[in-house]
Amino acid sequence: MMDANHSRLAISCTLLRCWFAVAALLAPDCCSGEELAGIRVRTEPTASPVSISLKLLARHRLQINADGRSLESPARLQIELPISGADSWPVFDVEVRDAGGQPVERRHPGVGWERFSIELPTRMCRFVVQVAPTKPREKRFPEQDRKVTDAEQRYQATVARWQGDRDAALCLRFDDAHPSHLATVMPMLERYGYRATFMINPGLESTARGSKVASAYARHLDRWEAAARGGRHEFGNHTSHHRGAASDEEMDREIGEAARAIWRLFPDRSKLLSLNLGGGTWWRTRRPLRYYLERYPSFVVTGSLGMDDAYGDRVAVFRRHLQRNLEGGLGWCKAHFHSVGDDLATSEANLRAVLEIVRAQEDRLWITGLADAYKYLVERQSCRLEMVDATDHEMSLRVTCTTDPRLFDQPLTIRVSLPVDWRQAVRVVDRAGRERESTVTRRDGQAVVLFDVRPVTDTYRISSK
Ligand SMILES: [Zn+2]
């Protein structure tokens, strides 16, 4: 077996050498970068005497041939995968294998997982960048499966875009477990009645100048625990110590310990958490990020507006950001802050100005935690409606959901428009005969009933009282 592998390797090495000989004739002596289907590969340092060639073996399967024989010491290959457009890659599922099929260690920044580097030895090498096999996801349904009507078009039922049939979801996030979150931010949010997400680093020790000291979180442990018990806010996983990881084992510890600490604080909530690996950190791993996202049920937060005053003109930028989300697209408005107060990342006045902007639009907004909004979004895409039967006085609606209710437990809002001659009193009953709370309101001049359902398959009978 060993011999067969060796001879196969020898043949492929010979082929590779021939290939490089041909490639060397076609390519310039030294190249600092190559691009193919939106994928960018370059050496670091950029002037390294390395020739690189790229070949797409299949969709999401890239072969990189690199000749490092002229290098005096190992260099690195910087790879950037496209995350939008027709050639985009599911970057959380990506791994790299060497010519022998072994996983290669990648080095990623904590924010921007589509960029990473691998070590380039002082020889000829071949790598394959590919999507690792993933577990099947919950079934998703097209948008038209969530809009149903009866044959006579008396009723129209849909799953509201966001909970409470609001136009947009707003998630305010506060990173790094800074003491100002306890002293300033939480009392302020309390006055407005808003829910936010606190991305905490619950590791109890931090290393400063080689000696271990209690972390900012540990110094205020009682107050963080009290905030969790208060239940107003959601906590997100910002890793145990905000320092990245030098190995798979360390990455597992950094994500796993933080997840377990949050699970302990919220024993009655689903284990699905938002995850942000932290700006300015580096992560070395051979595994796809998906491995960690599945082991510690979590999703990566992307597309959030940075609110540090240093970025400039934050209040006006936030106002436009919120308006864009209210007017169209997905309608999920995210903004994140660090410390708040005098001489800190965001001034108290600017946070207050942001909250005033929110207050002016709060009837149109679902102001909630990141995991709440993420769950709603995924549950909604994984659910469909069927009108089982309908008469002039009642109708029944089947809701099918394919998400795992142990993780996805955010109620979905169903909206049903009612015939004009209905009296305002409406009764909604589930299959087990339990009456559901419902609200009759008006949308575009028409009476509609709104009611929340658990994201599981069930049938609801809606009748005029
Ligand atoms: Zn951070």
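The values are calculated or read from the model by the stated rules, or taken from the named source; none is laboratory data. What you see is a predicted model, and the numbers here were worked out from it, not measured in a lab. We place every Cβ from the backbone using ideal geometry, glycine too, and count neighbours over all the protein chains shown. Calculation scope for accessible area: heavy atoms of the full protein, side chains included, ligands and nucleic acids excluded. Shrake-Rupley method; radii C 1.70, N 1.55, O 1.52, S 1.80 Å.
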Arranged from highest to lowest average of other beta-carbon atoms within 10 Å per residue, in what order do the peptides 82-88, 281-287 appear?
281-287, 82-88
Using a probe radius of 1.4 Å on heavy atoms only, what accessible surface per residue do you get for the chain? Whole Å² is fine.
49
Compute the distance in nm between two label points, each set 7 Å from the Cα along the Cα-to-Cβ direction, one at Ser88 and one at Val420.
4.3
Quick one: which of Lys334/Lys465; Lys147/Lys334; Lys135/Lys212; Lys55/Lys135 span more than 30 angstrom between C-alpha atoms?
Lys334/Lys465; Lys135/Lys212
Over all distinct Cα pairs, what is the inverse of the mean 1/r for the chain, reported as the Kirkwood hydrodynamic radius in Å?
25.4
Once both label points are put 7 Å beyond Cα along the C-beta direction, the Val429-Asp363 separation in nm becomes 3.5
Restricting to DSSP loop positions (anything but H, G, I, E, B) with no more than 16 other Cβ atoms inside 10 Å of their own Cβ, which GluC sites (Glu not before Pro) remain in the stretch 52-134?
Glu72, Glu105
So for the pair Gln446, Arg40, with labels modelled 7 Å out along Cα→Cβ, what separation do we get in nm?
4.8
Order these peptides, 130-139, 447-456, 342-351, by their mean beta-carbon neighbour count within 10 angstrom, highest first.
447-456, 342-351, 130-139
Charge sum, other residues only, whose C-beta stays under 10 Å from Leu450's C-beta, Lys/Arg counted +1 and Asp/Glu -1
-1
Hey, what's the Kirkwood Rh for the stretch 210-321 if you take every pair of different alpha carbons, in angstrom?
15.9
Before anything else, pin down the relative contact order of the chain: Cα pairs under 8 Å, at least 6 apart, normalised by residue count, whole percent.
15
Using 0.36 nm per residue, how much length does the chain from Glu105 to Glu356 gain when fully extended, once their Cα-Cα distance is taken away?
85.7 nm
With Cα coordinates, the longest principal axis of the chain makes an angle with the long axis of helix 221-230, in degrees rounded to 10, of 40
Mean Cβ-within-10 Å packing, highest first, puts peptides 383-396, 228-241 in the order 228-241, 383-396
With a ≥ b ≥ c the root eigenvalues of the C-alpha gyration tensor of the stretch 166-375, is it rounded (a/c under 1.5), prolate (a/b larger than b/c) or oblate?
prolate
Using the Cα gyration tensor of the stretch 282-400, with a ≥ b ≥ c the square roots of its eigenvalues, what is the shape: rounded (a/c below 1.5), prolate (a/b larger than b/c) or oblate (neither)?
oblate
Rounding to the nearest 20 debye, state how big the charge dipole of the chain is about its Cα centre with +1 on each Lys and Arg Cβ and -1 on each Asp and Glu Cβ.
560
Rounded to the nearest 0.05, what FRET efficiency do Gln153 and Val388 give with R0 = 22 Å and r taken as the Cβ-Cβ distance? Could you check?
0.85
Cβ-defined net charge surrounding Asn350, 11 Å radius [Lys, Arg +1; Asp, Glu -1]
-3
Put +1 on the Cβ of every Lys and Arg and -1 on every Asp and Glu Cβ in the chain; which of Ala425, Val41, Pro133 then has its Cα farthest towards the positive end of the dipole?
Pro133
Amide H of Leu273 versus every other amide H placed in the peptide plane: which residues, excluding those fewer than 5 positions away on the same chain, fall under 5 Å?
Ser298, Phe299
Within the accessible area of the chain (1.4 Å probe), percent carbon and sulfur
49
